[in-house]
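For reference, the structure discussed in these notes is given below.
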Amino acid sequence: MLTSQFLPKVEGYSDIGAMAKARSWEDRYLAEQVVTAGNLQLTIMIVCDGMGGGKYGEWAAEQATREILRSIESSNEKDIPKLLAQAIGKANRIIYEKARKSGMVGRMGTTAAVAAIHKQRLYIANVGDSRIYLVNEKTGIQQITVDHTWAFEMIRKGRARKEDVYDHPDASRIGNFLGRSKTVWVDLGLYIHGDAETPKDAYLHQGLRLTKNDLVLVCSDGLVEIEKDTEKGPGKRLVSDNEILSIMTRYPALEAAKVLVSTAVGRNVTDNVTAVVAEMPGREIKERPLTRELGRRLPWAFSPMLAMLASAMFCVVGTFAAWMLFRPVPQSPSVVPSLTPLPTLTPHPTPPPNYAYLSVVGGSTTSQVPGRSVQIVHSGNIVPFQSGSLLRVESGLTTFNTPGNFLVQALGNPGRPTIIELYQSADRDAGVAETILKLQEGRIVVIGEGNTPRDIRFVVETVWGRAIITGTIMGGQYDSSTQVFDIDCFTGHCVVETRMDSVSLNGGEHVRIDVGGKISQQGRVDYNNYTGFGLNEFITPTPVPTPSPETGLSPGYGIP
């Protein structure tokens with residue numbers, strides 16, 4: 001068997017999407033290295049997108065993912081496309097029987113997009129409208145599955161011509177999925193020429209040879225969701241093919257999956273969204289500057305002329321900034337927080353273990369625990385606080401306690417919610433010394449109480465880095481569309497870490513983590529960014545002298 005260094009690297013990431021509309025998490029994925037009973041070493045990628053609403057869609061997707069993997073592992077079949085088709089067929093029979101017994105035939109089921117890589121060759125199987133893409137920096141991006149819509153099925157079965165069906169009201173409705181009938185048609189076509197090929201012709205491309213810079217993406221339809229039509233015209237894809245190409249060729253597999261999903265979430269995707277990415281051994285990643293592919297907020301892309309102009313402007317602005325920093329200036333007050341002892345906070349009754357007591361002020365908040373439907377949170381609710389729990393603050397201020405006596409405030413605004421995932425909860429008895437929250441979008445403040453144990457740390461993570469505090473006060477803002485994470489250490493001591501670097505912050509200091517994990521823009525806290533959090537209860541601003549002309553730093557800067 002090959003060692004891991006000679007195998008493709010495969011990673012996945014998933015998000016529930018805009019929970020106000022996506023009331024259940026029906027996406028499931030798998031990214032695994034497996035050895036079959038027939039001694040085939042395979043890199044397996046599976047994405048299943050359930051349907052049927054609530055528990056039915058979730059169950060179907062979960063069952064399909066598990067059964068497909070189980071069947072692959074136990075198979076002695078040497079023909080890989082046949083192996084994949086048999087595995088999907090077994091999953092279909094299980095789901096169909098469940099649907100039949102539940103009276104949900106035709107309404108309960110799941111898609112299944114499966115890719116297998118064996119000895120640098122690609123094999124795929126597909127049912128439904130989840131997608132598989134082949135990506136290469138030089139050759140571009142190609143969808144190598146076709147969506148099994150009603151229109152495609154009518155054409156495939158010879159019941160209609162292509163030019164007659166695509167204007168039909170049901171043209172884009174899914175027409176093939178697991179659980180629909182006792183048998184299922186598994187599409188074994190690898191469509192390197194798009195839907196111009198017949199399934200029979202596309203099958204001949206199975207076992208496509210992959211090069212070291214080829215990438216494979218398996219995703220649910222949430223990643224390619226189309227915006228609603230507006231007055232300006234028809235809606236566009238939330239994440240375009242060019243953006244997928246740019247993101248995947250810029251980042252390693254895990255980061256690429258996270259950025260793809262986070263980009264869709266940041267643009268208010270209404271469906272669950274999942275991405276699984278495989279990269280070949282020996283892949284070379286070249287660092288390139290960001291262009292507009294990574295975010296619609298960037299107003300223009302670089303051209304050689306604009307790059308020269310930007311470089312000149314940078315020199316001028318840099319010279320002016322240096323003069324501003326070190327020039328003699330008259331003494332005038334600036335404001336930083338005083339380092340008074342932190343109060344002991346008791347805003348809520350103590351909740352049971354693994355639960356959090358939430359306070360919701362003037363807004364809307366929902367929560368979801370893995371395997372359960374989304375719940376609307378009202379002030380005073382006690383909600384489960386366990387790994388995988390999601391909290392979405394659509395508007396207003398929501399406050400809750402976490403293990404280790406940390407208080408978290410999350411502020412949402414219309415059009416820009418704050419989305420938090422609990423990744424790990426501190427448990428001293430089990431030797432777990434960190435509570436980790438993943439900030440997927442928005443703004444939060446974390447307050448370490450006066451009686452916070454010093455051996456318990458609180459960590460706020462994003463795609464590119466993390467901020468760590470103990471008994472202090474810290475603020476964080478993350479914009480998923482630009483992948484920028486701003487951290488403000490209000491009092492005490494905070495640590496910021498990325499894969500590339502780390503830095504310690506003292507009270508009143510600010511830092512930014514850019515795309516790729518670069519730490520930049522070290523400076524002072526801007527308290528205007530935290531209007532609405534009510535920090536006056538915990539921080540008392542006091543005047544301090546402005547920077548001295550000799551050093552540009554205030555006396556005692558960075559000393560608590």
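Within region 460-486, restricting attention to residues that are within 18 Å of LEU407 (Cβ to Cβ) and part of a loop (DSSP other than H, G, I, E, B), which residue is nearest to the chain's Cα centre (by Cα)?
Ranking the candidates gives THR470 first.
Determine whether ILE444 is at pLDDT below 90, hydrophobic (A, V, I, L, M, F, W, C), assigned to a strand (DSSP E or B) and closer than 23 Å to GLU394 by Cα.
Working: at pLDDT below 90: no; hydrophobic (A, V, I, L, M, F, W, C): yes; assigned to a strand (DSSP E or B): yes; closer than 23 Å to GLU394 by Cα: yes.
Taking the combined requirement at face value, the residue does not satisfy it.
Pick out, from region 93-150, the strands (runs of 3 or more DSSP E) lying fully within it that include 1 or more residues that are of a type outside the set (S, T, N, Q) and either surrounded by 24 or more Cβ atoms within 10 Å (Cβ to Cβ) or not assigned by TED's automatic domain parsing to the domain that holds PRO252 (or both).
Once the strands (runs of 3 or more DSSP E) in region 93-150 are filtered for at least 1 residues that are of a type outside the set (S, T, N, Q) and either surrounded by 24 or more Cβ atoms within 10 Å (Cβ to Cβ) or not assigned by TED's automatic domain parsing to the domain that holds PRO252 (or both), what remains is 112-118, 121-127, 131-136.
Among the listed residues ARG107, ARG131, ARG173, ARG93, identify the single one that is under 31 Å from the mean Cα position of the chain (by Cα) and touching a residue at least 60 places away in the same chain (Cβ under 8 Å).
On inspection, the qualifying residue turns out to be ARG131.
Could you check ARG23 against (1) closer than 30 Å to VAL377 by Cβ; (2) at pLDDT 95 or above; (3) surrounded by fewer than 20 Cβ atoms within 10 Å (Cβ to Cβ) and say which number it fails?
With (1) closer than 30 Å to VAL377 by Cβ; (2) at pLDDT 95 or above; (3) surrounded by fewer than 20 Cβ atoms within 10 Å (Cβ to Cβ) applied to ARG23, the lone miss is (2).
Sort through LYS82, LYS55 and tell me the only one that's at pLDDT below 95 and in the same structural domain as GLY194 (by TED's automatic domain parsing).
Numbers: LYS82 fails: at pLDDT below 95.
Matching residue, one of LYS82, LYS55: LYS55.
Here are some conditions: (1) under 24 Å from ILE117 (Cβ atoms); (2) over 30 Å from the mean Cα position of the chain (by Cα); (3) at pLDDT below 95. ASP195 meets all but one. Which one does it not meet?
(2)
The values are calculated or read from the model by the stated rules, or taken from the named source; none is laboratory data. Owing to the predicted nature of the structure, the values given are computational and were not obtained by experimental measurement. Note: ideal-geometry Cβ built from the backbone for every residue, glycine included; neighbour counts use all protein chains shown.
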